[in-house]
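Trainee: Could you have a look at this structure, given as structure tokens, before my questions?
The values are calculated or read from the model by the stated rules, or taken from the named source; none is laboratory data. Because the structure is a prediction, the values reported are computed rather than measured. Glycine also receives a Cβ, built like all others from the backbone with ideal geometry; neighbour counts cover every protein chain displayed. Note: areas computed on protein heavy atoms with side chains; ligands, DNA, RNA excluded. Shrake-Rupley method; radii C 1.70, N 1.55, O 1.52, S 1.80 Å.
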Number of protein chains: 2
Amino acid sequence: MPEAIDAIDRRILRALQRNGRMSNVELANEVGLSPSPCLRRVRLLEESGVIDQYVAVLNGPRIGLGLTVFVRVWFKTQDAEITQQFAETVRKFPEVVECYLTTGECDAIMRVVTADLHAYWRFQADHLTRIPSVQSVKTDVPMETIKRSYELPLL
Amino acid sequence: MPEAIDAIDRRILRALQRNGRMSNVELANEVGLSPSPCLRRVRLLEESGVIDQYVAVLNGPRIGLGLTVFVRVWFKTQDAEITQQFAETVRKFPEVVECYLTTGECDAIMRVVTADLHAYWRFQADHLTRIPSVQSVKTDVPMETIKRSYELPLL
DNA sequence: GATAATTTGGCAGGATATGCCACCCCTTGC
DNA sequence: GCAAGGGGTGGCATATCCTGCCAAATTATC
């Protein structure tokens, strides 16, 4: 039921990943189609869930959110109930921009965005480590961005 | 030069983070402004760099890119030249969606997107560990997504 | 090679974006 | 307290764009 994605669809996706507010006529020119079928393809990609959403990407430092931290989390136990409770709590923290459960060395990974190290420290001390299921955490702090892309490696 | 961001700007940013393709009239209604001043504020936010770009967020699994892996990298040496070479190489890999230099336990963190574990393994064996500056890597594989947001914690 | 299904392109009506100008509000200076 | 100035807002006119419909073309199927 998910229609096959052909070369034109890939061109559309590539273009919209770079500029999600592109007008349909501009997009149609770029992919070599007239506006009508181009728009129809975009709508199909949206409705079929290939395109999840469109978002504006903000410049963190420009709005006082200069620090991103990657946090690895270890749980006290791995049973489902404790994990569920952790998930629900984490989802409510706006500072936690991403969070995944992992198997392997640690139990969860998350990305936290705050104003600065002090703000992060407060978040960790006041909220993160107070979640009952959390045993310990380790943080990795990016010092310099080498690459930050929102384009998936199509093809 | 960076104009202050007031409450209306924050409302605009919040809305555009959730739906970057919102029409200007819809956005104006949501923030309580008429279309004209609303559009001008959006343009200012774009030109001043508060809004970096607009992107379409794709559903990875739907296009055959079901695996995201977090990789921690250790360098052989930390001198600037080696690091620079690492950065330039990594920027060319489309699978590497994000990459940061860190200080602390490891030397770099990256997020890699591939079709599956096998594809990741090929990437690691054929490309990543062949970068001269790379001494070793450790991977954390998300098994379940608890949260994935594109909204920065404004305010 | 003919038919059917899918996709494309063009067109018309409606909605939206854009640029301009007058008005309002708030501040500044007297 | 009052007048002048500046920034922000709202409304309007034009141009552009989106949207749905139908015919034509392309592709697939038999």
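Trainee: So for chain B, what are the equivalent ellipsoid semi-axes in whole Å, largest first, each being the square root of 5 times an eigenvalue of the Cα gyration tensor?
Mentor: On the way: eigenvalues 297, 77, 33 Å².
Each semi-axis is √(5λ); the values are 39, 20, 13 Å.
Trainee: What FRET efficiency comes out for the pair B:Leu154/A:Gln135, r = Cβ-Cβ distance, R0 = 41 Å, nearest 0.05?
Mentor: Computed FRET efficiency for B:Leu154 and A:Gln135: 0.85.
Trainee: Farthest toward the dipole's positive end in chain B, which of B:Leu154, B:Val73, B:Ala115, given Cβ charges of +1 (Lys, Arg) and -1 (Asp, Glu) about the Cα centre?
Mentor: B:Ala115
Trainee: What nm value, rounded to one decimal, do you get for the distance between B:Ile8 and B:Arg40 when each label is placed 7 Å out toward the C-beta?
Mentor: Between B:Ile8 and B:Arg40, the simple spin-label model gives 0.9 nm.
Trainee: Rounded, prolate or oblate: which fits the stretch B:7-47, taking a ≥ b ≥ c as square roots of the Cα gyration tensor eigenvalues, rounded meaning a/c under 1.5, else prolate when a/b beats b/c? Could you put the intermediate results ahead of the total?
Mentor: Working: a/c = 1.23, a/b = 1.03, b/c = 1.19.
Judged from the Cα gyration tensor, the stretch B:7-47 comes out rounded (a/c under 1.5).
Trainee: A further question on this structure: Can you pull a Stokes-Einstein diffusion coefficient for the stretch A:61-140 at 37 °C (0.692 mPa s), Rh from Kirkwood over Cα pairs, as a whole number of µm²/s? All intermediate terms of the calculation are to be shown ahead of the outcome.
Mentor: On the way: Rh = 12.8 Å.
Translational diffusion coefficient: 257 µm²/s.
Trainee: Within straight cross-link reach of B:Lys76, meaning Cα distance under 15 Å, which aspartates and glutamates are found once same-chain residues fewer than 8 apart are removed?
Mentor: Qualifying aspartates and glutamates at Cα under 15 Å: B:Glu105, B:Asp107.
Trainee: Viscosity 0.890 mPa s, temperature 25 °C: give me the Stokes-Einstein translational D for the protein assembly as shown in µm²/s, with Rh taken as the Kirkwood radius over C-alpha pairs.
Mentor: Stokes-Einstein gives a translational diffusion coefficient of 117 µm²/s.
Trainee: Can you give me the % of accessible surface on the protein assembly as shown that is carbon or sulfur? Probe 1.4 Å, all protein chains present, nothing else counted. Intermediate results must be reported in sequence, preceding the final value.
Mentor: Numbers: 7910 of 15360 Å².
Ligands and nucleic acids excluded, carbon and sulfur reach 52 percent.
Trainee: So, R0 is 22 Å and r is the distance between the beta-carbons of B:Trp74 and A:Lys147; what FRET efficiency does that work out to, to 0.05?
Mentor: With R0 = 22 Å, the Cβ-Cβ based efficiency is 0.75.
Trainee: Okay, helix-only estimate at 222 nm for chain B: each DSSP H run of n ≥ 4 adds -39500 (n - 2.57), divide by all residues, round to 500 deg cm²/dmol; what do you get?
Mentor: -11000 deg cm²/dmol
Trainee: Further, regarding this structure: Could you please point out the chain A residue with its Cβ nearest to the axis of the rotation taking chain A onto chain B, and the distance in whole angstrom?
Mentor: Axis relating chain A to chain B; nearest Cβ residue and distance: A:Gly20, 3.
Trainee: In Å², and per residue, what accessible area does the stretch B:23-155 have when probed at 1.4 Å with the other protein chains present?
Mentor: So the stretch B:23-155 comes to 49 Å² accessible per residue, rounded to a whole number.
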